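Here's the structure we're looking at; comments come further down.
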Amino acid sequence: MPAPRKANRPFALLLLLLLPAASLLTLTALVAPFQLVSQQTQVQSDDYASSGIATRRLLPIPSRQPPQPSADPADPFGWAPVSLDYTAAGNNRSDLRTISIAVANSGVRMVKYAGAGLSAITGGQHDIFSFDPRGVGASHPVICFPSAAAHKAAEAAYFSFGTPHFHDSALTPASFDALAKGQAATCESHSGEYLRYISTAATARDMDAIRAALGQDKLDYWGISYGTFLGATYVNMFPDRVGRVVLDGVVDPTAFSSTNEALVRSALVDTESVLDGFASACERAAASSPDGCRLASLVTPARPTVLSVLRGGLTDLDAAPIATGTAPITLALFGVLYQPEGPVGWAAAADALYTLLDPARRDPVPLGKFFGIPDGTDPSAFCPAEDVTGQNAFYAVKCADGAPWNGITMEDVEALASELETELSPLIGRLLAYSDRICAHWPRPVERYAGPWNATLSNKVVLIGNTNDPITPLASARATEALMSGNAVLVTQRSYGHASIAQFSSCTVQMLQRYFIDGTVPASGTVCDADVPVFASTEDADSSVEAAAMRRGAEEVARFVAKANGRGGFAPFGFYV
């Protein structure tokens, strides 16, 4: 078999990871031959065919849930069996246990649904790969329930119980802890020792195995949100294999690998300012046009701002509940903050919130539909489990990467919740304080990486941070730049939402293209602006063919991310970024 092609630019490999817990497909075998395998049909023009991982140059690439074979050459699915335990002695032995990682057209459905957009944003000169990390989707997912029905029923019950003292929940801290402990035990009973082999360190090693299998000397990578922690882990574990790496919507790696308190405090720095920005932008839109933002019409002398309408509306829902309860509505409002632009952006969200909070309507259906939920009145619809996996991989990864919960009591958690709710984020601070409590009962990993973060890299990494990001604030990007000790350069985007794709900036996209195609590292201190303000029409933006293609590409990727974050980034006992 000939060696895989070593890509020469202008076409090169680009591996992407955004939200690894967002799309979960089907089960693959835990034990597999230690060799690269793929389905029988291959695309003859595929430059990577000899690696055993199928792909196609032109995007998007359709996907099929494995292990169903396909006779359609446009429908390949690639596999890369990798070592289950990289820490085992003699791990080059062929008889070691392996798992199969789904590569190419799987990866959180990224390439299928947003491949063309990714290609446009990055300049159309890369073969774009993504993958389902171990524990996710087609890469031997974590299983916590015997059936999809059991999973959906459990999640609906968890959400109905709620978080202690969060809106209309009557759950006590001790009862919450008991539920978290029971959930951890359920996952361990169905997935067993496999849980100990899931961590970002293991996924970084899998990613390096994919790089090697595809014949690449170095890895080009674009990671968004949690993908930035994976990227930071990879470049510090494999510093001589770093190609062109972008970390966008940066998680503070020291906080992510520390306690839940450290992570939550770092994540909530700008949450309330983004909520205030949403409310203020609605007011400006209403002032410029009668139909600019109907939500502003609910302003009264008693509630003189849109922000007070939002906060007061949640209080009203506590006093006179609707079928969903108030907690899912709060999660939905938090989810709105992620994506200010486009058809699922703030203008549409404000209209849905108006229909919900207008005393004459109190209709949650539009807000539910905004998040892809057909019946916004059904509490279980906010837990749309379609398989037995759900957010279980999130638990596995976050519990593995974070510090142990040794000695942290529920009294400590409640004290933190009260402080965060009062001082940092009235909207979501209490819920996040209780998030990840399941990790107190989760098995510890075989391997965990928690730094150092300042390895000397073969190429400089580009960090992108928004000035107003609700979950990965600019402060985290600045902290990461400092941690990396001259091995990274920060680009600041003056915009709202989660990561640079939330609000289109032609300046940022052009920077990305120059970096990925030519290796041009942006100057330190580079600042890019969003092309148009929030709530504004894109008609006044650059209308050139090139700019329009980039904008469509960015909106396509942003829609995918918004859909992936449909429940505001929360699982019953934790949140993901």
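The values are calculated or read from the model by the stated rules, or taken from the named source; none is laboratory data. Quantities reported herein were computed from a predicted structural model and do not represent experimental measurements. Please note: Cβ atoms are built from the backbone with ideal geometry, for glycine as well, and neighbour counts cover all protein chains shown. When the accessible area is computed, the model is the full protein with side chains, heavy atoms only, and any ligands, DNA or RNA have been set aside. Shrake-Rupley method; radii C 1.70, N 1.55, O 1.52, S 1.80 Å.
A quick yes/no check of all residues on (1) surrounded by fewer than 20 Cβ atoms within 10 Å (Cβ to Cβ); (2) within 30 Å of residue 533 (Cβ to Cβ); (3) among the small types (Gly, Ala, Ser):
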site	(1), (2), (3)
200	no, no, no
205	no, no, no
208	yes, no, no
282	no, yes, no
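Looking at (1) surrounded by 20 or more Cβ atoms within 10 Å (Cβ to Cβ); (2) assigned to a helix (DSSP H, G or I); (3) of a type in the set (S, T, N, Q), which is the one condition that is false for residue 139?
All conditions are met except number (2).
Taking residue 256, is it surrounded by fewer than 21 Cβ atoms within 10 Å (Cβ to Cβ), on the phi < 0 side of the Ramachandran plot and in contact with a helix residue (DSSP H, G or I) (Cβ under 6 Å, 6 or more places away or on another chain)?
Details: surrounded by fewer than 21 Cβ atoms within 10 Å (Cβ to Cβ): no; on the phi < 0 side of the Ramachandran plot: yes; in contact with a helix residue (DSSP H, G or I) (Cβ under 6 Å, 6 or more places away or on another chain): yes.
So residue 256 does not fit the description; no.
Being surrounded by fewer than 24 Cβ atoms within 10 Å (Cβ to Cβ) and within 20 Å of residue 432 (Cβ to Cβ): is that true of residue 474 here?
Working: surrounded by fewer than 24 Cβ atoms within 10 Å (Cβ to Cβ): yes; within 20 Å of residue 432 (Cβ to Cβ): yes.
In short, yes.
Has region 261-283 got any residue that is out of contact with any helix residue (DSSP H, G or I) (no Cβ under 9 Å at 6 or more places or on another chain) and at pLDDT below 95?
no
If a residue must be assigned to a loop (DSSP other than H, G, I, E, B) and on the phi < 0 side of the Ramachandran plot, how many such residues does region 391-427 contain?
Here is the first cut: in region 391-427, the ones assigned to a loop (DSSP other than H, G, I, E, B) are 391, 402-409, 424-427.
From the residues that got through so far, the ones that are on the phi < 0 side of the Ramachandran plot too are 391, 402-406, 408-409, 424-427.
Count: 12.
What about residue 182, is it over 22 Å from residue 87 (Cα atoms), touching a Ser or Thr at 6+ places or on another chain (Cβ under 9 Å) and either surrounded by fewer than 18 Cβ atoms within 10 Å (Cβ to Cβ) or free of Cβ contacts under 8 Å to residues at least 40 places away in the same chain (or both)? Explain how you work it out, then say what you get.
On the way: over 22 Å from residue 87 (Cα atoms): yes; touching a Ser or Thr at 6+ places or on another chain (Cβ under 9 Å): no; either surrounded by fewer than 18 Cβ atoms within 10 Å (Cβ to Cβ) or free of Cβ contacts under 8 Å to residues at least 40 places away in the same chain (or both): yes.
Against the criterion (over 22 Å from residue 87 (Cα atoms), touching a Ser or Thr at 6+ places or on another chain (Cβ under 9 Å) and either surrounded by fewer than 18 Cβ atoms within 10 Å (Cβ to Cβ) or free of Cβ contacts under 8 Å to residues at least 40 places away in the same chain (or both)), residue 182 does not qualify.
For region 228-247, which residues satisfy the criterion of being of a type in the set (D, E, K, R) and at pLDDT 95 or above? Lay out the reasoning, then the answer.
First, the residues of region 228-247 that are of a type in the set (D, E, K, R): 240-241, 244.
Scanning region 228-247 gives 240, 241.
Report, by residue number, each residue of region 330-373 that is more than 21 Å from residue 303 (Cα to Cα) and aromatic (Phe, Trp, Tyr).
338, 370, 371
Of the residues 400, 396, only one is in contact with a Pro (Cβ under 6 Å, 6 or more places away or on another chain) and under 29 Å from residue 147 (Cβ atoms); which?
Values: 396 fails: in contact with a Pro (Cβ under 6 Å, 6 or more places away or on another chain).
Checking each option against the conditions leaves just 400.
Report yes if residue 287 is among the hydrophobic types (A, V, I, L, M, F, W, C) and open to solvent by less than 10 Å² (accessible area, probe 1.4 Å), otherwise no.
Values: among the hydrophobic types (A, V, I, L, M, F, W, C): yes; open to solvent by less than 10 Å² (accessible area, probe 1.4 Å): no.
No, not satisfied.
Yes/no per residue for (1) part of a helix (DSSP H, G or I); (2) polar (S, T, N, Q); (3) touching a residue at least 12 places away in the same chain (Cβ under 8 Å):
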position	(1), (2), (3)
279	yes, no, yes
287	yes, no, no
292	no, no, yes
296	yes, no, yes
303	no, no, no
307	yes, no, yes
310	yes, no, yes
324	no, yes, yes
328	yes, no, yes
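Given the conditions (1) over 25 Å from residue 352 (Cα atoms); (2) open to solvent by 50 Å² or more (accessible area, probe 1.4 Å); (3) not aromatic (Phe, Trp, Tyr), report the number of the one that residue 315 does not fulfil.
Exception for residue 315: condition (1).
Filter region 422-454 down to residues that are of a type in the set (Asp, Glu) and surrounded by 21 or more Cβ atoms within 10 Å (Cβ to Cβ), then give me how many there are.
So the first thing to find is which residues in region 422-454 are of a type in the set (Asp, Glu), and the list is 423, 436, 447.
Narrowing further to those that are surrounded by 21 or more Cβ atoms within 10 Å (Cβ to Cβ): 436.
Within region 422-454, residues that are of a type in the set (Asp, Glu) and surrounded by 21 or more Cβ atoms within 10 Å (Cβ to Cβ) number 1.
Could you list, ordered by first residue, the pairs with Cβ atoms under 7 Å in which the first is in region 468-487 and assigned to a loop (DSSP other than H, G, I, E, B) and the second is open to solvent by 10 Å² or more (accessible area, probe 1.4 Å) and among the charged types (D, E, K, R), at least 6 apart or interchain?
From residues that are assigned to a loop (DSSP other than H, G, I, E, B), the pairs are 469/270; 470/270; 473/270; 487/460.
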